[in-house]
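Reviewing the structure listed below.
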Amino acid sequence: MATAHELQERLSPKVLAKDAWQGAKEKGAGLAEDAVDAVRARPLTATGVVAAITMFLAREPLIDLAGRMVEGVGEKRKSRKARKAKIRSFKRASKEPITEKAND
């Protein structure tokens, strides 16, 4: 009878959940230690991996930012061309001789 009680106690949901949680904590701690060791061994590689993952996760905002930057460059070019055209037309106007119209 004692073995039946022991078996019933080991198979109770509370004990099973506790054992599963303890096993997960131990596995998690082991994985964390392995990850720290890997980063210490290859810090540049780890930095590159983190940067790649970050860029992947933030790809939409980065694409939007790049688009706005390109549009901004286009706008700057347009405004620069407009200013140059204005200066050219002003220079041309200043080179033309001033003629007075005779009042009839």
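The values are calculated or read from the model by the stated rules, or taken from the named source; none is laboratory data. These figures come from a predicted structure and were not determined experimentally. For neighbour counting, all protein chains shown are included, and Cβ atoms are generated from backbone atoms with ideal geometry for every residue, glycine included.
Some notes on this structure:
- Residue count, segment 45-89 (criterion: under 30 Å from residue 35 (Cα atoms) and among the polar types (S, T, N, Q)): 3
- Neighbours by Cβ (under 6 Å, 6+ apart or cross-chain): first from segment 36-51, farther than 22 Å from residue 62 by Cβ; second assigned to a helix (DSSP H, G or I): 39/46
- Residues within segment 12-25 that are loosely packed, with under 10 Cβ neighbours inside 10 Å and either basic (Lys, Arg) or modelled with pLDDT under 80 (or both), tallied: 1
- Selection from segment 22-66 of residues that are more than 10 Å from the chain's Cα centre (by Cα) and not in a helix (DSSP H, G or I): 42
- Residue count, segment 37-55 (criterion: farther than 27 Å from residue 65 by Cα and surrounded by 11 or more Cβ atoms within 10 Å (Cβ to Cβ)): 3
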